[in-house]
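Encoded as structure tokens, the structure appears first; notes follow it.
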Amino acid sequence: MAKFRLTIEDGKFRDVHGRQVTLRGINVAGDAKYPNKPEQPSHIADDFFDGDNVKFTGRPFPREDAHLHFSRLKRCGYNTIRYVFTWEAIEAAGPGIYDEEWIQHTIDILRAAKEYGFYIFMDPHQDVWSRFSGGSGAPMWTLYAAGLNPQSFAATEAAIVHNTYPDTENFPKMIWSTNYYRLAAATMFTLFFAGKDFAPKCIINGINIQDYLQGHFFGAISHLAKRIHEAGDIENEVVFGWESLNEPNKGMIAYEDISVIPKEQALKKGTCPTIWQTILTGSGRAVEVDTWDMGGMGPYKVGRSLIDPHGEIAWLPGGYDDSRYGYTRDPGWKLGECIWAQHGVWDPANDTLLKKDYFGKHPSKGEHINYPYFSDNYFMHFFRQYRDSVRQHHKNAIILLQGPTMELPPNIKGTPDGDDPLLAYAPHWYDGITLMTKKWNRTWNVDVLGVLRGRYWHPSFAIKIGETAIRNCFRDQHAAMRQEGLDYIGNHPCVMTEFGIPYDMDDQHAYKTGDYASQSAAMDANHYGVESAGLEGYTLWLYMTKNTHEKGDQWNGEDLSIFSLDDKLLPLSPVPKTPDMNQSAVSLLKVATTASSAPKREVDDDSSVTPANIKRTLTNASISSESTSRQPELTASPGYRAAEAYVRPAPIETAGVITHYVFDLRTCQFSMTIQAPKVAAPDTPTVVFLPEYHFPKDSCAVDVSSGKWEISSDEDEMALVQRLRWWHGEGEQSLKVTGLVRKYNAAEGVAGAEEGGYYEQCNSSGWGNCIVM
């Protein structure tokens with residue numbers, strides 16, 4: 001049997017030596033959401049509707065910049081990349097027309113990533129269906145195929161789209177996410193997952209719109225997998241798996257009454273029509289709807305607003321010629337009329353709702369349809385075809401199953417689907433209070449998952465007081481999601497493939513002052529949550545190459561990127577160094593428990609400096625010049641963007657099973673315990689990423705329960721990375737590493753090498769009790 005670089009055994013990722021691999025990763029990159037020919041971030045309206053002629057070649061970044069970005073990420077300690085791409089990038093020009101230039105560019109970028117030793121899984125990304133319905137993902141032609149007219153979405157509020165918003169500079173924060181409950185996205189997801197049941201009249205090229213849309217999606221994914229397979233040196237060597245569709249949504253499916261907002265719709269901001277109301281406005285009717293805002297305790301109603309399309313409709317007019325796409329509609333499908341009226345949901349003659357529960361029961365079987373029904377039937381039908389489309393070419397691909405966000409996974413444990421030995425669970429989690437309010441509240445937060453799962457008699461009981469309770473709440477939510485995967489899917493790894501924080505907190509206070517205290521505390525709490533919950537890995541959202549203080553991630557006003565052109569990079573070392581041009585690495589070998597002290601590998605702030613690596617030195621030096629050269633008016637004092645909270649130690653390969661690990665930023669202490677097997681290969685130690693910024697070799701103490709350890713800096717994977725290698729005995733083993741304790745430096749937004757701790761500064765600033773571990 002072939003040895004693969006990464007596989008799964010007993011619910012854990014394993015390398016070729018049998019060690020447990022922890023996937024510490026990041027999403028790369030946010031740039032992939034929008035095209036670069038023309039350059040069209042979400043605030044640009046020019047030529048927006050010329051969606052057939054866009055190109056994504058050069059995304060997520062040019063080939064010549066790959067080493068810059070990958071070396072930067074490697075220095076942050078990441079060993080894994082969730083590779084973001086969109087269906088639109090492959091098939092924008094029309095059904096079945098694949099962009100081979102973009103595909104070849106993708107292969108070139110993946111080859112560059114291979115040099116750095118990354119583990120990569122592919123992420124077919126979408127948000128609220130497509131850029132033309134306010135997000136990213138599907139090509140424009142899919143909306144035309146469904147009979148929708150994206151050029152009328154603004155007037156009808158079938159979608160709130162940044163590119164067409166009247167005032168792009170004041171696009172409401174996070175309002176895009178309400179598009180899931182508006183006509184465009186709700187219709188597209190209903191057709192995509194269940195068109196055969198709920199829209200049987202929508203026949204295109206002789207098949208139902210569900211099969212037409214899914215068939216092209218699977219075809220695009222399969223073609224990309226085929227080309228990667230044919231490349232010959234990427235599959236399994238760097239690309240180990242494929243995640244299913246990012247954040248799928250059930251659309252209108254399982255709505256018991258489309259005339260009311262269901263209780264599970266926790267996100268309400270701006271105008272919030274019911275499905276029935278958005279169907280009416282989509283047909284040109286003026287409707288008064290509730291308006292909501294998001295506060296610290298969740299959404300609250302602020303009033304009523306009139307949506308008046310003045311007769312404009314969100315559907316293509318009768319007789320519209322979209323023959324350029326090469327498909328033909330069945331004569332029974334009438335353009336110019338709402339498809340839900342054509343299926344008897346309502347009567348446009350008198351605007352009467354006829355079947356309020358149309359999407360809540362199976363049209364032919366009469367079965368009640370709730371969320372579990374959707375997940376176990378419609379979603380799994382899609383998932384099986386996706387899995388098989390990938391494995392048609394990538395035979396041993398690990399498939400990461402992702403269902404709708406914050407929902408229970410499909411119940412497949414003990415079935416052939418659940419018994420798949422190369423399956424992983426890939427949920428998402430965000431601290432919704434911080435994400436929506438863009439403030440880090442150290443005083444209280446809410447157990448959102450517990451509320452969604454009905455664990456509290458009243459939501460007020462879900463409030464957690466104090467930062468210790470908040471951090472533990474984050475941990476418990478992640479642990480609960482991992483347990484749901486074990487209970488519903490089976491003994492498979494759980495990888496949290498998205499979590500993250502907004503950087504533009506407190507009205508962009510950090511961008512004006514360089515003080516990233518709130519971001520650092522929030523980022524540290526988020527990482528504490530994923531590290532303490534027993535997950536097998538995570539990928540932080542987000543790395544974005546073009547982030548700026550003014551425009552954030554260049555997409556819908558979001559600003560979650562750990563990197564910005566307007567901020568400085570965290571130096572490798574906390575103190576200035578004199579380069580040693582002769583020494584390539586220092587290996588510090590110790591036995592049992594002791595503090596380390598030895599000559600250090602001498603480097604500058606962001607590159608290795610050896611005669612054999614002058615080219616790499618120059619390449620990495622450009623990182624610093626790029627990141628500090630742009631100083632917009634908004635920036636008074638650029639900071640390190642809370643890097644001390646995400647550049648943190650972590651186990652990479654473990655000769656055994658991890659039972660616990662955590663990094664305490666307050667005390668700058670990393671600790672882990674493992675259960676080691678009886679027979680361990682002597683040449684395969686446990687390996688921990690140990691960032692030199694927190695743990696300079698001559699200023700850290702290492703305690704181990706047995707065996708010997710070594711701290712070394714090397715460029716085995718192209719970028720200088722400091723690691724601790726530990727050869728230990730069998731049974732329960734423990735490791736503790738203590739580094740520099742720092743005081744927070746508000747002027748630079750990072751902890752400084754001074755006496756006292758960062759959280760002492762939190763307390764002295766009147767922020768309350770930050771963390772007591």
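Check the stretch 402-415 and report whether any residue there is in contact (Cβ under 8 Å) with a residue 12 or more places away in the chain, assigned to a helix (DSSP H, G or I) and out of contact with any Gly (no Cβ under 7 Å at 6 or more places or on another chain).
Of the residues in the stretch 402-415, the ones in contact (Cβ under 8 Å) with a residue 12 or more places away in the chain are 402-414.
Remaining after also requiring assigned to a helix (DSSP H, G or I): none.
The answer is no, given that none of the residues of the stretch 402-415 is in contact (Cβ under 8 Å) with a residue 12 or more places away in the chain, assigned to a helix (DSSP H, G or I) and out of contact with any Gly (no Cβ under 7 Å at 6 or more places or on another chain).
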| note | All conditions in (1) in a loop (DSSP other than H, G, I, E, B); (2) modelled with pLDDT of 95 or more; (3) crowded, with 22+ Cβ neighbours inside 10 Å; (4) not charged (D, E, K, R) are true of L565 except (3)
| note | By residue number, the members of the stretch 491-515 that are part of a loop (DSSP other than H, G, I, E, B) and either at pLDDT 95 or above or among the small types (G, A, S) (or both) are N491, H492, P493, T497, F499, G500, I501, P502, Y503, D504, G514
| Before we move on, is G303 small (G, A, S), closer than 24 Å to P172 by Cβ, touching a residue at least 12 places away in the same chain (Cβ under 8 Å) and in contact with a Cys (Cβ under 7 Å, 6 or more places away or on another chain)? | no
| Restricting to the stretch 38-64, what's the tally of residues that are of a type outside the set (S, T, Y) and within 22 Å of the chain's Cα centre (by Cα)? | 9
| Output for the stretch 388-397, where each listed residue is in a helix (DSSP H, G or I) and surrounded by 14 or more Cβ atoms within 10 Å (Cβ to Cβ) | S389, V390, R391
| task | Output the number of residues of the stretch 155-210 satisfying the condition of being free of Cβ contacts under 8 Å to residues at least 24 places away in the same chain and under 14 Å from F132 (Cα atoms). | result | 1
| In the stretch 282-332, what residues are in a loop (DSSP other than H, G, I, E, B) and at positive phi? | G284, H310, G311, G319, G326
| task | Would you mention how many residues in the stretch 428-458 are more than 15 Å from L560 (Cβ to Cβ), touching a residue at least 24 places away in the same chain (Cβ under 8 Å) and hydroxyl-bearing (S, T, Y)? | result | 1
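Any chance you could count how many residues in the stretch 153-178 are touching a Phe, Trp or Tyr at 6+ places or on another chain (Cβ under 8 Å), assigned to a helix (DSSP H, G or I) and under 22 Å from T274 (Cβ atoms)? Give the derivation first.
Initial filter on the stretch 153-178 (touching a Phe, Trp or Tyr at 6+ places or on another chain (Cβ under 8 Å)): 153-154, 159-165, 171.
Narrowing the set further to residues that are assigned to a helix (DSSP H, G or I) leaves 153-154, 162-164.
Next cut, under 22 Å from T274 (Cβ atoms) only: 153-154.
The number of residues fulfilling the criteria is 2.
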| With H105, H125 as the choices, which residue is closer than 28 Å to Y425 by Cβ and not aromatic (F, W, Y)? | H125
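May I ask you to verify whether T278 is closer than 30 Å to G215 by Cβ and either assigned to a strand (DSSP E or B) or of a type in the set (S, T, N, Q) (or both)?
On the way: closer than 30 Å to G215 by Cβ: yes; either assigned to a strand (DSSP E or B) or of a type in the set (S, T, N, Q) (or both): yes.
Against the criterion (closer than 30 Å to G215 by Cβ and either assigned to a strand (DSSP E or B) or of a type in the set (S, T, N, Q) (or both)), T278 qualifies.
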| Test result for T673, surrounded by fewer than 21 Cβ atoms within 10 Å (Cβ to Cβ), modelled with pLDDT of 95 or more, more than 30 Å from H69 (Cβ to Cβ) and over 28 Å from the mean Cα position of the chain (by Cα) | yes
| message | Testing I209 on (1) within 30 Å of P331 (Cα to Cα); (2) at pLDDT below 95; (3) touching a helix residue (DSSP H, G or I) at 6+ places or on another chain (Cβ under 8 Å), one condition comes back false. Which one is that? | response | (2)
| Could you count how many residues in the stretch 342-387 are over 37 Å from the mean Cα position of the chain (by Cα) and in a helix (DSSP H, G or I)? | 1
| field | Residue count for the stretch 50-71, restricted to those that are hydrophobic (A, V, I, L, M, F, W, C) and in contact with a Ser or Thr (Cβ under 9 Å, 6 or more places away or on another chain) | value | 3
| said: Please go through the stretch 441-496 and give me each residue that is under 21 Å from Y528 (Cα atoms) and of a type in the set (D, E), ordered by number. | reply: D447, E467, D476, E484
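If you go through the stretch 37-50 one residue at a time, do you hit one that is aromatic (F, W, Y) and surrounded by fewer than 22 Cβ atoms within 10 Å (Cβ to Cβ)?
If we filter the stretch 37-50 for residues that are aromatic (F, W, Y), which is where we start, we get 48-49.
Restricting the remaining residues to those that are surrounded by fewer than 22 Cβ atoms within 10 Å (Cβ to Cβ) gives 48-49.
Within the stretch 37-50, one or more residues are aromatic (F, W, Y) and surrounded by fewer than 22 Cβ atoms within 10 Å (Cβ to Cβ).
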| message | Looking only at the stretch 232-260, how many residues end up being touching a strand residue (DSSP E or B) at 6+ places or on another chain (Cβ under 9 Å) and free of Cβ contacts under 8 Å to residues at least 40 places away in the same chain? | response | 0
| remark: Scanning the stretch 676-703 residue by residue, those buried (at least 23 other Cβ atoms within 10 Å of the Cβ), aliphatic (A, V, I, L, M) and not in a loop (DSSP other than H, G, I, E, B) turn out to be V688, V702
| query | In the stretch 443-487, which residues are buried (at least 20 other Cβ atoms within 10 Å of the Cβ) and part of a loop (DSSP other than H, G, I, E, B)? | reply | D447
| query | For the stretch 232-252, does any single residue satisfy the condition of being over 25 Å from the mean Cα position of the chain (by Cα), in the same structural domain as N149 (by TED's automatic domain parsing) and farther than 23 Å from T328 by Cβ? | reply | yes
| Can you tell me which of H394, H428 is more than 30 Å from P172 (Cα to Cα) and either touching a strand residue (DSSP E or B) at 6+ places or on another chain (Cβ under 7 Å) or charged (D, E, K, R) (or both)? | H394
| query | Taking the stretch 316-333 as the search range and keeping residues that are surrounded by 12 or more Cβ atoms within 10 Å (Cβ to Cβ) and under 18 Å from S152 (Cα atoms), which one is modelled with the highest pLDDT? | reply | L316
| remark: By residue number, the members of the stretch 708-737 that are more than 31 Å from the chain's Cα centre (by Cα) and either part of a strand (DSSP E or B) or crowded, with 19+ Cβ neighbours inside 10 Å (or both) are K708, W709, E710, I711, S712, W726, W727, H728, G731, E732, Q733, S734
| field | Evaluation of S532 against (1) over 25 Å from C76 (Cα atoms); (2) surrounded by fewer than 22 Cβ atoms within 10 Å (Cβ to Cβ); (3) in contact with a strand residue (DSSP E or B) (Cβ under 6 Å, 6 or more places away or on another chain) (one fails), failing number | value | (1)
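If I filter the stretch 116-141 down to residues being small (G, A, S) and not in a loop (DSSP other than H, G, I, E, B), which single residue comes out as farthest from G77 (Cα to Cα)?
Going through the stretch 116-141, the residues small (G, A, S) turn out to be 117, 130, 133-138.
Those left that are additionally not in a loop (DSSP other than H, G, I, E, B): 133, 136.
On the way: S133: 36, S136: 29 Å.
Per the criteria, the residue is S133.
Do we find that W444 is touching a strand residue (DSSP E or B) at 6+ places or on another chain (Cβ under 7 Å) and over 30 Å from I120 (Cα atoms) in this structure? Step through it out loud before you land on a result.
Numbers: touching a strand residue (DSSP E or B) at 6+ places or on another chain (Cβ under 7 Å): yes; over 30 Å from I120 (Cα atoms): yes.
When the stated conditions are applied, W444 passes them.
Condition test on R59, is it farther than 23 Å from G326 by Cα, of a type in the set (K, R) and surrounded by 23 or more Cβ atoms within 10 Å (Cβ to Cβ)?
Details: farther than 23 Å from G326 by Cα: yes; of a type in the set (K, R): yes; surrounded by 23 or more Cβ atoms within 10 Å (Cβ to Cβ): yes.
The answer is yes for R59.
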| task | From the list V704, V737, V687, pick out the single residue that is under 22 Å from S532 (Cβ atoms), of a type in the set (A, V, I, L, M, F, W, C), touching an Asp or Glu at 6+ places or on another chain (Cβ under 6 Å) and modelled with pLDDT of 60 or more. | result | V687
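The values are calculated or read from the model by the stated rules, or taken from the named source; none is laboratory data. Please read all numbers here as calculations on a predicted model, not as lab measurements. We place every Cβ from the backbone using ideal geometry, glycine too, and count neighbours over all the protein chains shown.
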